[in-house]
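Data first, discussion second: the structure below is written as structure tokens.
The values are calculated or read from the model by the stated rules, or taken from the named source; none is laboratory data. Nothing here was measured: the structure is a model prediction, and the numbers come from that model. Neighbour counts run over all protein chains shown; Cβ positions are idealised from the backbone, glycine included.
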Amino acid sequence: MSTALLAQIAASLVEGDPDATVAGVREAIAAGLEPLAIIDGALVVGMRTVGDKYASGEFFLPNLIVSANGMKQAMALLEPELKARRQSLKPVGTVVIGTVRGDIHEIGKSLVGTMLAANGFEVHDLGVDVPVDAFVSRVREAGANLVGLSALLTTTMHGQKDVIEALTKAGLRGQVKVMVGGAPVSRAWADGIGADGWAQDAVSAVDLATRLVAQS
Ligand code: B12
């Protein structure tokens with residue numbers, strides 16, 4: 001039954017029916033499914049299909065916007081559930097996260113931020129289209145030991161490098177580890193721009209963040 005429900009939620013996301021997505025997620029929570037199982041088994045699956053359909057020309061921008069809206073509403077329901085499962089008082093680490101300048105893709109970045117918060121990190125989410133200086137000043141103000149930079153466009157990836165350079169210039173690079181992610185971002189790219197780590201999804205981002213903070 002849970003597999004069918006997850007498939008139904010994924011399908012509602014693809015079909016662009018946010019009300020059905022929200023209803024499905026509510027039902028899954030009530031049935032006792034773990035929030036992570038709902039995210040990984042339904043929402044991420046659905047968004048991946050939407051991306052494939054867009055890439056193949058079957059879907060257009062309005063489809064993406066409606067599906068992204070469904071994903072956002074579903075995450076708003078799941079965030080408190082994720083947080084409720086974590087009762088740590090002292091933060092594991094302090095992370096400043098955002099999508100780089102020129103890029104408005106929000107979903108993956110927010111998912112990573114939510115998962116980090118659910119795993120005990122203090123998360124400062126700067127949102128999307130974040131100027132380089134905003135990352136630098138928030139790292140300084142929050143005394144962060146980790147920065148997460150998201151980029152979904154090949155044309156905005158270099159913004160990750162710009163932030164790393166600005167942190168170095170500001171004398172903060174020794175204090176923070178930098179992790180990067182987003183669909184076009186690879187380990188090779190991360191190494192090339194001098195990031196400390198790369199993760200391809202939100203679950204591995206938590207593992208990575210935990211390892212990086214332990215090193216700092
Ligand atoms: C939804 C979507 C949109 C929505 C975004 C809505 C929102 N509120 O976020 C809208 C419609 C606004 C949009 C706009 C555009 N988009 Co768009 N979009 C997508 C789509 C379909 C899904 C992205 C998504 O949310 N995925 C689901 C999440 C869960 O996955 P994710 O983002 O990859 O994140 C995971 C990992 O990457 C990783 N991760 C992400 N960030 C971070 C950060 C850190 C620190 C770490 C460790 C890990 C990590 O963990 C996440 C969770 O598992 C992708 C297709 C794709 N295959 O990615 C195209 C895609 C990214 N978009 C694309 C394009 C071209 C655009 C537009 C330029 C279209 C246009 N002509 O206007 C604009 C750009 C506007 C701008 N300036 O940013 C292209 C990019 C091509 C390229 N290589 O550059 C893609 C790949 C589609 C395609 N195949 O052509 N888009």
**Study point:** Given (1) exposed (fewer than 13 other Cβ atoms within 10 Å of the Cβ); (2) not in a helix (DSSP H, G or I), index of the condition Gly98 fails
**Key:** (1)
Practice item. Considering each residue of the stretch 97-141, count those that are among the β-branched types (Val, Ile, Thr), over 10 Å from the mean Cα position of the chain (by Cα) and at pLDDT below 95, and give that number. Key: 1
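Could we say that Thr168 is away from the ligand (no atom under 14 Å from the Cβ) and out of contact with any Asp or Glu (no Cβ under 8 Å at 6 or more places or on another chain) here? I'd like the intermediate steps shown before the answer.
Working: away from the ligand (no atom under 14 Å from the Cβ): yes; out of contact with any Asp or Glu (no Cβ under 8 Å at 6 or more places or on another chain): yes.
Answer is yes for this residue.
Test Ala23 against the criterion of being surrounded by fewer than 16 Cβ atoms within 10 Å (Cβ to Cβ), among the small types (Gly, Ala, Ser) and closer than 13 Å to Ala74 by Cβ, and give yes or no. First the steps, then the outcome.
On the way: surrounded by fewer than 16 Cβ atoms within 10 Å (Cβ to Cβ): yes; among the small types (Gly, Ala, Ser): yes; closer than 13 Å to Ala74 by Cβ: yes.
Yes: the conditions hold for Ala23.
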Review point. From the set of residues in the stretch 69-85 that are touching a Leu at 6+ places or on another chain (Cβ under 9 Å) and within 10 Å of the ligand (Cβ to nearest atom), which is nearest to Leu43 (Cα to Cα)?
Key: Met71
Point to revise | Those residues of the stretch 183-202 which are polar (S, T, N, Q) and within 7 Å of the ligand (Cβ to nearest atom), in sequence order | key: Gln200
**Study point:** Whichever residue in the stretch 115-131 is in contact with a strand residue (DSSP E or B) (Cβ under 8 Å, 6 or more places away or on another chain) and either farther than 25 Å from Ala76 by Cα or not in a loop (DSSP other than H, G, I, E, B) (or both) and, among such residues, is farthest from the ligand (Cβ to nearest atom)
**Key:** Glu122
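Applying the selection to the stretch 132-152, what residues are aliphatic (A, V, I, L, M) and either in a helix (DSSP H, G or I) or under 21 Å from Ala214 (Cα atoms) (or both)? First the steps, then the outcome.
We begin by selecting, within the stretch 132-152, every residue aliphatic (A, V, I, L, M); these are 132, 134, 136, 139, 142, 144, 146-147, 149, 151-152.
Once the filter is applied, which keeps residues that are aliphatic (A, V, I, L, M) and either in a helix (DSSP H, G or I) or under 21 Å from Ala214 (Cα atoms) (or both), the stretch 132-152 yields Val132, Ala134, Val136, Val139, Ala142, Ala144, Leu146, Val147, Leu149.
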Exercise for review: Six or more apart or on different chains, Cβ under 6 Å: which pairs go from a residue in the stretch 168-183 that's over 30 Å from Val44 (Cα atoms) to one that's more than 9 Å from the ligand (Cβ to nearest atom) and at pLDDT 95 or above? Could you list them?
Suggested key: Ala170/Val136; Leu172/Val139; Arg173/Leu167
Review point. Which of (1) within 12 Å of the ligand (Cβ to nearest atom); (2) within 25 Å of Ala170 (Cβ to Cβ); (3) in contact with a helix residue (DSSP H, G or I) (Cβ under 7 Å, 6 or more places away or on another chain) does Gly46 not meet, given it meets every other one?
Key: (2)
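Condition test on Ala7, is it over 27 Å from Trp198 (Cα atoms) and more than 14 Å from the ligand (Cβ to nearest atom)? Write out each step before concluding.
On the way: over 27 Å from Trp198 (Cα atoms): yes; more than 14 Å from the ligand (Cβ to nearest atom): yes.
Answer is yes for this residue.
Take residues that are at pLDDT 90 or above and within 22 Å of Gly120 (Cα to Cα) and tell me which of the helices (runs of 4 or more DSSP H) falling wholly in the stretch 1-90 contain 1 or more. It would help to see each step written out before you state the result.
Numbers: elements: 2-15, 18-30, 35-38, 44-55, 61-84.
So the answer is 18-30, 35-38, 61-84.
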Practice item. Would you please list the contacts, defined by Cβ atoms under 8 Å and residues six or more apart or on different chains, that run from a residue in the stretch 108-119 that is in the same structural domain as Ala205 (by TED's automatic domain parsing) and closer than 9 Å to Ala205 by Cβ to a residue that is within 8 Å of the ligand (Cβ to nearest atom) and of a type in the set (S, T, N, Q)? Key: Val112/Ser150
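Each row is one residue, and each column tells you yes or no for (1) of a type in the set (Gly, Ala, Ser); (2) within 18 Å of Glu15 (Cα to Cα).
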| residue | (1), (2) |
| --- | --- |
| Ser56 | yes, yes |
| Asn63 | no, yes |
| Lys72 | no, yes |
| Val96 | no, no |
